[in-house]
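Step one of this worksheet: look at the structure below.
Quick note: the coordinates plus some simple rules give every number you see, no bench work behind them. No experiment lies behind these values; they were computed from the predicted model shown. Backbone-built Cβ (ideal geometry, glycine too); neighbour counts: all protein chains shown.
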């Protein structure tokens, strides 16, 4: 296994982002249409947060035996903004850092995606799935 492999080798660069002015309906649609679990939240070119599918599911979790889940989801989505649901104070890395460094950050902080930023611009995202796929290629 290569020990100094850079994040740029395995990060996703086909980025799907949401603007902080988008709503949760639009975010859910992006998750579903693209089969992804993490979306960087931007304000112009500046990243201000990360929204995960888990974040979205957490705010819409209801006991489906006692109520109509779609009505609850609609009510929750209308009450909350992306900025209220997303993770703030996002830790990021640059494309010149190593995969090992990304793994260390993910392991210590117990989350599953990191935005990759070069020169204050979002250039990619690396997820635990990217890392697992990389490890599979090594064997």
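Give the range 97-120 a look and list any residue that's assigned to a loop (DSSP other than H, G, I, E, B) and within 14 Å of residue 52 (Cα to Cα), or say none. Passing the criteria: 110, 111, 112.
To keep it simple, each residue is scored yes or no on (1) over 13 Å from residue 50 (Cβ atoms); (2) free of Cβ contacts under 8 Å to residues at least 60 places away in the same chain; (3) under 12 Å from the mean Cα position of the chain (by Cα).
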{"residue": "89", "(1), (2), (3)": "no, yes, no"}
{"residue": "127", "(1), (2), (3)": "no, no, yes"}
{"residue": "134", "(1), (2), (3)": "yes, no, no"}
{"residue": "139", "(1), (2), (3)": "yes, yes, no"}
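Out of the range 114-135, which residues are surrounded by fewer than 17 Cβ atoms within 10 Å (Cβ to Cβ) and within 19 Å of residue 36 (Cβ to Cβ)? It would help to see each step written out before you state the result.
Step one: list which residues in the range 114-135 are surrounded by fewer than 17 Cβ atoms within 10 Å (Cβ to Cβ), which gives 118-121, 123, 129, 132-133, 135.
Matches in the range 114-135: 123, 129, 132, 133.
Selection of first residues in the range 17-36 that are more than 19 Å from residue 115 (Cβ to Cβ) and of second residues that are in a loop (DSSP other than H, G, I, E, B), restricted to Cβ pairs under 7 Å at least 6 apart or on distinct chains, gives the following pairs, ordered by first then second residue: 24/80.
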